[in-house]
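In what follows, a structure is listed as C-alpha cells, so that the remarks can point back to it.
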2 protein chains.
Amino acid sequence: MSTKLDRNPVNFQFQLLAQDNRARAGIFSTPHGELPTPIFAPVGTQATVKSITPAQLQEVGANLILANTYHLYLRPGDELIAEMGGLHQFMGWSNPMLTDSGGFQVFSLGGINQIDDDGVTFKSHIDGSSQRLSPEKSIAIQENLGADIIMAFDECAEPYDRVYNQLAMARTHAWAQRCIDAKTRTDQALFGIVQGGIFPDLRKQSAEYIAALNLPGNAIGGLSVGETKAEMHQILEVVDRILPEDKPRYLMGVGTPEDLINGVMRGVDIFDCVLPTRLARHKAVFTATGRMNISKAVYAHDERPIEQDCACYTCQHFSRAYLRHLIIAKEMLAGTLLSIHNLYTLLKLASDMREAIIQGNFESFSQNYLYKIYKPDQEPGS
Amino acid sequence: MSTKLDRNPVNFQFQLLAQDNRARAGIFSTPHGELPTPIFAPVGTQATVKSITPAQLQEVGANLILANTYHLYLRPGDELIAEMGGLHQFMGWSNPMLTDSGGFQVFSLGGINQIDDDGVTFKSHIDGSSQRLSPEKSIAIQENLGADIIMAFDECAEPYDRVYNQLAMARTHAWAQRCIDAKTRTDQALFGIVQGGIFPDLRKQSAEYIAALNLPGNAIGGLSVGETKAEMHQILEVVDRILPEDKPRYLMGVGTPEDLINGVMRGVDIFDCVLPTRLARHKAVFTATGRMNISKAVYAHDERPIEQDCACYTCQHFSRAYLRHLIIAKEMLAGTLLSIHNLYTLLKLASDMREAIIQGNFESFSQNYLYKIYKPDQEPGS
C-alpha cells in the first residue's frame, strides 16, 4: 500500500449530483482522482490505447481507461507489471484505471478446455499454452496490476441459451463471493457483475444477488454480445430498478454514441468499449449524422474536416482528403488521427450528457442527438 | 502567390552567425519562418512523418521537414495537393518545408525504363503504370506542392562507376539549368545538387558548376549510398572548399548522429534522413553510447528510460520494459514512442552543435560525442 493512500484514505464514494428521469450525473472518487459520470472509458487492451499516447488521451478528455486482465496476464505478465510499479506507472497513466476480470476474453478468445465450478482452463491465444483462471487468480492478477476499479470474475453465456444462463449466473454469483474473500488490497474498488442473458427474470434475480453484496459499484455484463438493441434496453430497465442508486452502474463493452445515450437514459453511469479505436483502424468515424467511411473515393477532394464543428485535434487540423490519403497510403497516422476523433466524440458526448442532466434537459438533448443519427435519407458527414 | 508573401517578400537570406573551424551556425530565412542551422529535417515521405502528428513533431523540436516529390506525385497527386491549398495546409505543417526532386526515388524505387537527356521514364512502384519525370515536370510538381525549399532534378549514379558518374554529372548540370528556367514561383528557394560519386575531381568540377549558378542554397547528393565513411568525408572536404560560404549547404539523405557531427565538421548546414523513424519501426534507438535494440530480452525488466538524461516525452514517461512490451505485443504505439526519442535525439544534437559552434567549443563537443559512440567494450544504453 502506498504512503499516499495511507495519508489520503479513499472510500470510493459515489456522489449523485443530479437525476433527470432515470439519467444520473455524479462523481465517483478513486485513489487516482474523481470520475465525473456519465463517463466513457477508452480501452487499452495491452496497456496502451491503440495508436494513442497518454498525452493524447488526456487531450481528448479521457479520465478513466480500461486494461484487459487476460491480455496482460499472458503478456507481459502481471508480476512484471507489479515489479515495474503497477499498471499506472508501467503505461504512464496517472488518472483512474479499471481492469476487467479476464472472464470475457477467456470465453471469447481463449480456446476453452474446461469450465467447472472452480474456474476455467483455456489455451493462450498467443502460444497455445494451457492456462487457468479462477476467481482467486483473477483477483491476484488484478491486485498485481493495481487499477482503481477491479471486476469480479464472471461467466458470460450465449445470451439466448436459458439453461446455460442459469448455470453461468449461479457460478457468477458464487465467484463474486469468492472474489470478495480473495481481495486483500484496500485501495481498489471491486465491482460485481450482473448476468442472466436476455431473460428478465434471471436478470432480476442476478441484480438482486449482486446488489446485496454491497460492493462499491455494480456492473452489467453479458450485453452487446449478439442480442437486439430492444432486448438490451429491456434488460437495462429491469436492472436499473434493482441496483442501488447510491452506487455507480457500469455497462460493460458498450459502445456506440446511440448506445451511450440509451444506456444513460436507463440509469447507466460508466461505459467502456474498443469501438472508437477499432473503427478508426477500419477507416470509420463517428459523426453527428452517423458513421462515415473516410476511405471512400467521394472524400478524395473534400476539404472539410470530418465534422465542421468538432473541436478535436484531427478536425481542427486535417481535411477528409488528407485523412483519406493517409488511409490509402497505409500510413499509421491514419489510425491515430481517426482514433483521436472517435474518442473525442464519445468523451464529449458523455460530458454533454452530464451537463444536460445537471441542467435538467437530458430528454430533449438525447432526442435531438438520436434523431440526427437515425434520420433517414441523409449521407453521414454531409 | 499569397498576399502574405506580397506583403512580406522573402529573399531566402542566409546569415552566418558563427564559424568554428569549418563548422557553421547560421539562420536561413524562408516564407514559413527562420531555420537555425545546423538543422536536421525529419522526413515525411507521403506527407506524414510516419506515426507522428505535427503537434508531436513540434514537441520534439522539428522546424524544417521534408516530403518526397516522387511519392506525392504518384499518390495522392500534386494537383490534388495544390487544390487543397498546398502541402503545408494539406498535412497541417506551418513551419518550413523542403521537397526533393523525385530523382533519387525514381532511380531507387521506380523500375527504370529509359533515361535520356530529356528525362526519365519509369514504372510506378504502386501500380506499375508508366510515368515520366523531367526537370520541367519535377519543378511543376514541386510548385504544386509549394514547399519553401525545392530541389533541382538530378541523376544519382552508382558511386564507384566513374564513367556513369561523368555522364550523370553532366546531365545533372544541364538539368539544374533547365530547372532554373522552368521555375515560376518566387516564394520557393531552388537548391542545386552537386554530384560526382566518390571521385574528388568530378566533385570539384560539379561543385564549381553548381556554385556558379548562384542559387540560394546548394546540396550534396549521391552520398550515403554505399560508399565508405572515409570516402564521404573526403568528398565533403572537397566540396566544402568550393561551395559559397554565404549559402546554406545541404547534405541529402544523412543520417546518423555521427554522420551529422562529421558533416557539420566539414561545413554542412542542413541534413535530412528517414533513419530515426525507420530505425524506430525496426525497434532500434539512438543512445549517447550507440544504437540499442529495445526488443532484446535483457530489457524485459529494465525500469530505466532509454536514456537516463534524455528530456524527450518517451524517456520522461516510459521504461525500457514498457517499450519492449509494446514491441513484443506489436502495438503501434511502439513506433510512435521510439520515433519521438530518435527524432528528439537528432534534433537536440543539431541544436547542441549550433550552441557549441556559437560558444566556440565545437571541437571538444564533437570529440566527446564521437568518443562515447565509438568507445569499445561498452553495451549501448548501459
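Could you tell me which of the residues A:255, A:290 is open to solvent by less than 10 Å² (accessible area, probe 1.4 Å) and more than 14 Å from chain B (Cβ to nearest Cβ)? The conditions single out A:255. For residue A:296, the conditions (1) open to solvent by 10 Å² or more (accessible area, probe 1.4 Å); (2) within 21 Å of residue A:225 (Cα to Cα); (3) touching a residue at least 12 places away in the same chain (Cβ under 8 Å) are fulfilled apart from (2). Selection of first residues in the range A:168-195 that are within 23 Å of residue A:64 (Cβ to Cβ) and of a type in the set (Lys, Arg) and of second residues that are part of a strand (DSSP E or B) and open to solvent by less than 10 Å² (accessible area, probe 1.4 Å), restricted to Cβ pairs under 9 Å at least 6 apart or on distinct chains, gives the following pairs, ordered by first then second residue: A:183/A:150; A:183/A:190; A:185/A:150. If you check residue B:25 against the conditions, is it over 16 Å from the mean Cα position of the chain (by Cα), touching a residue at least 60 places away in the same chain (Cβ under 8 Å) and either open to solvent by 10 Å² or more (accessible area, probe 1.4 Å) or away from chain A (no Cβ under 14 Å) (or both)? For residue B:25, the condition - over 16 Å from the mean Cα position of the chain (by Cα), touching a residue at least 60 places away in the same chain (Cβ under 8 Å) and either open to solvent by 10 Å² or more (accessible area, probe 1.4 Å) or away from chain A (no Cβ under 14 Å) (or both) - is met. If you go through the range A:337-368 and keep only what is among the aromatic types (Phe, Trp, Tyr) and under 21 Å from the mean Cα position of the chain (by Cα), you end up with just A:344. Of the residues making up the range B:68-77, those that are more than 16 Å from the chain's Cα centre (by Cα) and crowded, with 22+ Cβ neighbours inside 10 Å number 4. Among residues of the range B:130-142 that are farther than 14 Å from residue B:181 by Cα and touching a residue at least 24 places away in the same chain (Cβ under 8 Å), those with a Cβ under 9 angstrom from a residue that is hydrophobic (A, V, I, L, M, F, W, C) and open to solvent by 10 Å² or more (accessible area, probe 1.4 Å), sequence gap 6+ or separate chain, pair up as B:131/B:74.
Which one is nearest to the other protein chains (Cβ to nearest Cβ), of the residues in the range A:28-37 that are among the hydroxyl-bearing types (Ser, Thr, Tyr) and buried (at least 20 other Cβ atoms within 10 Å of the Cβ)? Taking the candidates together, the pick is A:30. Within the range B:38-56, does at least one residue satisfy the condition of being out of contact with any helix residue (DSSP H, G or I) (no Cβ under 8 Å at 6 or more places or on another chain), open to solvent by 40 Å² or more (accessible area, probe 1.4 Å) and either polar (S, T, N, Q) or more than 14 Å from chain A (Cβ to nearest Cβ) (or both)? No, the range B:38-56 has no match at all. Please determine whether any residue of the range B:322-336 is under 28 Å from residue B:250 (Cβ atoms) and under 23 Å from the mean Cα position of the chain (by Cα). Within the range B:322-336, one or more residues are under 28 Å from residue B:250 (Cβ atoms) and under 23 Å from the mean Cα position of the chain (by Cα). When restricted to residues that are touching a Gly at 6+ places or on another chain (Cβ under 7 Å) and open to solvent by 20 Å² or more (accessible area, probe 1.4 Å), the range B:206-215 contains 1.
Restricting A:302, A:309 to residues that are over 21 Å from the mean Cα position of the chain (by Cα) and under 30 Å from residue A:263 (Cα atoms) narrows the list to A:309. Considering the range A:57-67, the residues that are over 14 Å from residue A:340 (Cα atoms) and open to solvent by less than 10 Å² (accessible area, probe 1.4 Å) include one that is farthest from the other protein chains (Cβ to nearest Cβ), namely A:64.
Under the condition of being of a type in the set (A, V, I, L, M), at the interface with chain B (Cβ under 9 Å from one of its Cβ atoms) and in contact (Cβ under 8 Å) with a residue 60 or more places away in the chain, the residues counted in the range A:310-343 number 2.
Considering the conditions (1) assigned to a helix (DSSP H, G or I); (2) away from every other protein chain (no Cβ under 11 Å); (3) in contact with a Pro (Cβ under 8 Å, 6 or more places away or on another chain), residue B:348 is excluded by exactly one of them, (3). All of (1) at the interface with chain A (Cβ under 10 Å from one of its Cβ atoms); (2) closer than 23 Å to residue B:250 by Cα hold for residue B:84 with one exception: (2). The residues listed here are B:201, B:240, B:246, B:181; of these, the one that is of a type in the set (Asp, Glu) and surrounded by 19 or more Cβ atoms within 10 Å (Cβ to Cβ) is B:240. Taking the numbered list (1) exposed (fewer than 15 other Cβ atoms within 10 Å of the Cβ); (2) within 18 Å of residue B:25 (Cβ to Cβ) in turn, residue B:375 passes all entries but (2).
The values are calculated or read from the model by the stated rules, or taken from the named source; none is laboratory data. Please read these numbers as outputs of a predicted model, since none were measured by experiment. As a convention, Cβ positions derive from the backbone with ideal geometry for all residues, glycine included, and neighbour counts pool all protein chains shown. These accessible areas exclude ligands, DNA and RNA; they are computed on the full protein's heavy atoms, side chains included. Shrake-Rupley method; radii C 1.70, N 1.55, O 1.52, S 1.80 Å.
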